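Single-structure report; data block below.
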Amino acid sequence: MKEIITKLCRGGPLTREEFILLIQNRNMTLLSSSAHISKNSGRPGDEAQSGGEGQTVFSYIKEKAFQKRIEVFSNTVFLRGLIECTSFCKNNCLYCGIRGGNAKAQRYRLSKDDVLSCCAAGYDLGYRTFVLQGGEDPHYTDSFVADVITSIKEKYSDCAVTLSLGEKTKQTYELWKSCGADRYLLRHETASKEHYEKLHPHSMSFMNRMNCLHTLKDLGYQTGAGFMVGSPYQTDETLAEDLFFLQSFRPQMTGIGPFIPHRDTPFAHFSAGNRELTLYLLSVIRLLLPYVLLPATTALGTIDSNGREKGLQHGANVIMPNLSPSEVRSKYNLYDNKVSTGKEGAESTRLLCSCIKDAGFEAVITRGDYTEEKNIKEETLCIM
Ligand code: SAH
């Protein structure tokens, strides 16, 4: 394990087999001979956490990931205003509550004015990134979305626009990029084709999703991949494949959160993903991709009311509060009990900021773009 952890702390590369060992041996206790590896970075407070022998792989990696996060981002947290713009979806992902086949799902779509009002409210609260996420809604046409992006960029030229609207053609991605879209989130969901096919209907293709990710990156989007932890049929091997994929694809953003069942889906009776494993993987990803923009996700905040703060302590540096109009929030119901109010709601940004502060971090007003150097210019920091 010693060599594997040392390699990880240097950012890899690891083999698939090494990733499997990293996952399987996370609760193994490090022996004194291996516990001394790269201990003591010389940072204040470090010694207290470095328990020496007897420390588990998990706690050692968490500690290293936290150091890395501080090195790159200091104690800052980037906030993104999440606008869930449509709950219509033509797809039928077996895990997702807004799948087209769920006749019980409540459907809505926001108009351009609705989206712009969300941005206006968000801008006043200090948000400088807006994330438009939705199902694959055929009524959200390419030109409609292009018009919305153009209007947001006209009004808020100092803000980043992130899209998360699923699989589109290269032409569509190009069009939206030309209107000013900066980033695109498209979780790969699983890097194993076999596993992908257990999570999705035949009409969806693993190859197409992967091709979309490469296209987005080639077009110059800051691109986000990611997966659910504990999705049905996931194994240590498929998880290792996810990490191996992230290592080679090198996304600028990575979204991971626990799978949570939704009662009206074929996966209603599967159990939710494991919180500890999710936190551990956040730490592993921080070490593997030191500069990656890594959210503590809503799903993590749903299975644990302090999940987001714990995520930050395990290497995450982004939180995406909900800016959608309150009357539609419960309808964007990807999984049971999804939280969208309290500190999840952007209207409670001050509450969120004080929770972030209590956890030892600081939310900052910034676009928070990806860069492969120390991400924080402390002299220009504007605390929310
Ligand atoms: N249509 C867009 C957005 C999908 S929703 C797209 O295809 O990218 C955003 C993410 O929510 C998904 O990528 C999926 O990883 C996650 N998600 C969906 N259902 C979930 C569930 N039951 N539990 C946890 N996460 C889920």
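The table below gives the values:
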quantity	calculated
Filter result (hydrophobic (A, V, I, L, M, F, W, C) and touching a helix residue (DSSP H, G or I) at 6+ places or on another chain (Cβ under 8 Å)) within the range 260-276	I260, A272
Test set (1) away from the ligand (no atom under 14 Å from the Cβ); (2) surrounded by fewer than 23 Cβ atoms within 10 Å (Cβ to Cβ) - A316 fails condition number	(2)
Among the residues listed as A225, A272, A268, the single one being within 14 Å of the ligand (Cβ to nearest atom) and open to solvent by 40 Å² or more (accessible area, probe 1.4 Å)	A272
First in the range 341-365 and over 22 Å from C118 (Cβ atoms), second anywhere and of a type in the set (A, V, I, L, M, F, W, C) and open to solvent by 10 Å² or more (accessible area, probe 1.4 Å), Cβ under 6 Å, 6 or more apart	E362/I383
Flag for L293 being more than 12 Å from the ligand (Cβ to nearest atom), open to solvent by less than 20 Å² (accessible area, probe 1.4 Å) and either among the hydroxyl-bearing types (S, T, Y) or touching a Leu at 6+ places or on another chain (Cβ under 9 Å) (or both)	no
Count - residues of the range 191-233 that are in contact with an Asp or Glu (Cβ under 9 Å, 6 or more places away or on another chain), assigned to a loop (DSSP other than H, G, I, E, B) and more than 30 Å from G180 (Cβ to Cβ)	5
Residues of the range 200-248 classified as under 20 Å from L165 (Cα atoms) and touching a residue at least 40 places away in the same chain (Cβ under 8 Å), total	18
Selection within the range 173-193 - open to solvent by less than 40 Å² (accessible area, probe 1.4 Å) and more than 27 Å from D242 (Cα to Cα)	W176, C179, G180
Hits in the range 44-77 (condition: open to solvent by 50 Å² or more (accessible area, probe 1.4 Å), within 19 Å of A359 (Cα to Cα) and at pLDDT below 95)	P44, A48, Q49
Selected residue (criterion: nearest to the chain's Cα centre (by Cα)) from residues of the range 248-265 that are near the ligand (Cβ under 6 Å from one of its atoms) and open to solvent by less than 10 Å² (accessible area, probe 1.4 Å)	G257
Residue in the range 145-162 that is modelled with pLDDT of 95 or more, of a type in the set (S, T, Y) and exposed (fewer than 14 other Cβ atoms within 10 Å of the Cβ) present	yes
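The values are calculated or read from the model by the stated rules, or taken from the named source; none is laboratory data. Since this is a predicted model, take the numbers as computed values, not measurements. Glycine also receives a Cβ, built like all others from the backbone with ideal geometry; neighbour counts cover every protein chain displayed. The area values use the complete protein model at the heavy-atom level, side chains included, leaving out ligands, DNA and RNA. Shrake-Rupley method; radii C 1.70, N 1.55, O 1.52, S 1.80 Å.
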